[in-house]
Amino acid sequence: MPTKIEKDRLTGKDTTGHEWDGIKELNTPLPKWWLYVFYACIVWSIGYMVLYPAIPLGTTYTKGLLGWSSRDQVRDQIADARERQGEFLVGVQEASLEEIRADSTLFTFAQRGGAIAFADNCAACHGAAGQGNDGGFPVLADDAWIWGGSLDAIHQTIAHGVRWEENPETRFNMMPAYGDGLLAPEEIEQVTDYVLSLSGRAPEGADLEPGAEIYAIQCSACHGEQGEGITDLGGPNLSDAIWLYGGERDEVLAQIVNPQHGVMPPFGGRLESETVKMLAIYVHSLGGGQ
Ligand code: HEC
Ligand code: HEC
């Protein structure tokens, strides 16, 4: 189709010469503001390419005159964050557990840090919120403690573990296996009934006298006269409704015949000392701290 540029009568502008079925196209120039912005962008992009990393060249790239890189920026930000955390970490290092608890800023920092370390190191055994697990992994969010619920006692347990033989300061106590001839089968039945009576669940019609006598001689040294537990020895309370290995009659009896013993690894030495402190603060704050 021949193109013919002509003047449009109505607007006084040229046409482009394109025509479709009698409809002609006006040649309207781009608005000035748009053109200037466009030129400015080109100038800016050239400047940017000169100053900043821009053009890929095989395995490398043009580095730019300013020497900026996003990797350096992240490195600086991390160093910055470390430095700011450092203040708090030093605070946690230097303060005693009681002092940390009394200082609301340090306490908040320690509690958060402890929560993160707990998720990484403890949740697999003790549950994500310290709610415990079947099979001897105790609840940490209640106020029943095998080894004690003060800040220092919790710290000691975390740092040195339980029944971890390589650790000289580990928590340690073993219940004798009464099924190995220490008690006759009948006596084991009797003391089992007596243990159940401590939490108000004695079998109907059971004679508790003989079991009470056996308990006083054999068991009270570790579990307390009334079964209230002795935290210094890790002898759990037998008079509450909380059981490591189950509170049914056959479960209690099985523990007396051939006891199970929980083992927990020590975290002192494995984690930074500040982290162990933060864990103690966190566990103590779960609800059951004493
Ligand atoms: C491999 C499993 C395991 C891991 C991991 C573990 N624990 Fe334990 N923890 C146990 C067991 C089992 C006991 C009970 C020991 C006993 O029967 O005396 C226990 C006991 C405790 C106690 C004493 C509870 C009481 O009633 O006195 C505290 C506190 C504790 N753990 C905290 C922690 C913290 C904090 C971590 C993480 C840094 C952790 N545990 C990691 C298995 C574990
Ligand atoms: C030398 C100390 C010691 C003596 C003596 C002892 N126990 Fe224990 N007993 C323990 C310890 C420690 C545990 C906890 C094991 C653990 O934490 O894994 C325990 C656990 C138990 C449990 C399980 C508690 C639970 O929460 O599931 C029962 C039941 C029990 N003992 C009954 C007895 C009876 C009954 C006697 C006496 C015939 C007795 N114990 C004598 C140290 C002792």
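The values are calculated or read from the model by the stated rules, or taken from the named source; none is laboratory data. Note that the structure is a prediction, hence the values are computed from the model and not measured. Cβ coordinates were reconstructed from backbone atoms using ideal geometry, including for glycine residues, and neighbour counts include every protein chain displayed. Areas reflect the complete protein model, heavy atoms only, side chains present, ligands, DNA and RNA absent. Shrake-Rupley method; radii C 1.70, N 1.55, O 1.52, S 1.80 Å.
Considering the range 115-147 alone, what residues qualify as being closer than 23 Å to HIS223 by Cα and more than 6 Å from ligand 1 (Cβ to nearest atom)? Across the range 115-147, the qualifying residues are GLY132, ASN133, ASP134, GLY135, VAL139, ALA141, ASP142, ASP143, ALA144. Of the numbered criteria (1) modelled with pLDDT under 95; (2) within 13 Å of ligand 2 (Cβ to nearest atom); (3) touching a helix residue (DSSP H, G or I) at 6+ places or on another chain (Cβ under 9 Å), the one PRO259 fails is (1). The residues of the range 179-196 that are assigned to a loop (DSSP other than H, G, I, E, B) and near ligand 2 (Cβ under 10 Å from one of its atoms), listed by number, are LEU182, LEU183.
Identify all residues within the range 252-286 that are assigned to a loop (DSSP other than H, G, I, E, B) and either near ligand 1 (Cβ under 10 Å from one of its atoms) or within 15 Å of the chain's Cα centre (by Cα) (or both); write none if there are none. Within the range 252-286, GLN260, HIS261, GLY262, VAL263, PRO265, PRO266, PHE267, ARG270, SER285, LEU286 qualify.
Out of curiosity, is THR157 part of a helix (DSSP H, G or I), touching a Gly at 6+ places or on another chain (Cβ under 9 Å) and either over 18 Å from ARG249 (Cβ atoms) or more than 11 Å from ligand 2 (Cβ to nearest atom) (or both)? Criteria met by THR157. Selection over the range 7-30 of residues that are open to solvent by less than 100 Å² (accessible area, probe 1.4 Å) and part of a strand (DSSP E or B) gives a count of 9. The single condition among (1) assigned to a helix (DSSP H, G or I); (2) open to solvent by less than 50 Å² (accessible area, probe 1.4 Å); (3) not assigned by TED's automatic domain parsing to the domain that holds ASP143 that ASP240 does not satisfy is (1). Screening PHE109 against (1) open to solvent by 60 Å² or more (accessible area, probe 1.4 Å); (2) more than 12 Å from ligand 1 (Cβ to nearest atom) leaves a single unmet condition, (1).
Can you go through GLU187, GLU165 and tell me which one is more than 27 Å from ILE217 (Cβ to Cβ) and not hydrophobic (A, V, I, L, M, F, W, C)? Exactly one of GLU187, GLU165 is more than 27 Å from ILE217 (Cβ to Cβ) and not hydrophobic (A, V, I, L, M, F, W, C), namely GLU165.
Quick check on ASP80: is it open to solvent by 100 Å² or more (accessible area, probe 1.4 Å) and modelled with pLDDT of 90 or more? No.
Screening PHE118 with (1) within 16 Å of ligand 2 (Cβ to nearest atom); (2) of a type outside the set (Lys, Arg); (3) open to solvent by less than 40 Å² (accessible area, probe 1.4 Å) gives one miss only, at (1). None of ALA184, ALA128 is open to solvent by less than 60 Å² (accessible area, probe 1.4 Å), without any contact (Cβ under 8 Å) to a residue 24 or more places away in the chain and of a type outside the set (Lys, Arg) except ALA184. The single condition among (1) surrounded by fewer than 16 Cβ atoms within 10 Å (Cβ to Cβ); (2) more than 10 Å from ligand 1 (Cβ to nearest atom); (3) in contact (Cβ under 8 Å) with a residue 40 or more places away in the chain that GLU165 does not meet is (3).
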